[in-house]
Amino acid sequence: MSTIVAGHFQLQDEIDRARHELVRAGFPDDRICAFFLNQPGQHDQTAIGGDRLQSPGAKETPRGVLEGAAAGGAVGVAVGAATAFVTGPAGPIVGGLVGAHVGSLFSLSKMKEAGEKEEGSNANRYEPRKSGMLIAVAADQPDQEARAIEVLRGLGSHHIERAQGTIEGGDWTDFDPLSLPVLVQ
């Protein structure tokens, strides 16, 4: 495993120039990888598409939905039974609507952490990688890392990040588009 330095660009011409400059700076071409990074949610990591089966901030959703449905159903039955003599056949409909509303409120209260503000948790609040062209280079020595950062910065890379991984034959074999980028300052 190597330290990988990656720079983000928007145009293929910028990537071609960056590859040329990295080779000129002494990096072997087979230790350089360039590819287009899709926007978040479009990495096709699951069988049905997308990046995750469940949003990180929705870890309590299945339990909340079940509890909400149970509470809503109980309230709906009670309201429907209580109003049946007044509302007649509309009683179950009114009960169902009231039950669905109460159940959704109960479900919402269960999906957030105790003491958490209404806006939700911080689980979804991180800066994912931006889409665009990415060029990465394996830097096995500390001086190579500094040199790669200098080259990418000099070429106007939008973001430069550091990661651990393996680039073999021009392919970043263990790249994870969902990992949090560690930006170089």
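The values are calculated or read from the model by the stated rules, or taken from the named source; none is laboratory data. Note that this is a predicted model, so its numbers are computed, not measured. Glycine also receives a Cβ, built like all others from the backbone with ideal geometry; neighbour counts cover every protein chain displayed. Side chains included, ligands, DNA and RNA excluded: accessible areas come from the protein's heavy atoms. Shrake-Rupley method; radii C 1.70, N 1.55, O 1.52, S 1.80 Å.
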Using mean Cβ contacts within 10 Å as the protection proxy, how do 160-167, 177-184 order, highest first?
160-167, 177-184
Heavy atoms of the protein only, probe of 1.4 Å, neighbouring chains included. What is the accessible area of V102 in Å², nearest 10?
50
Just reorder L97, L134 by solvent-accessible area, largest first, 1.4 Å probe, all chains present.
L97, L134
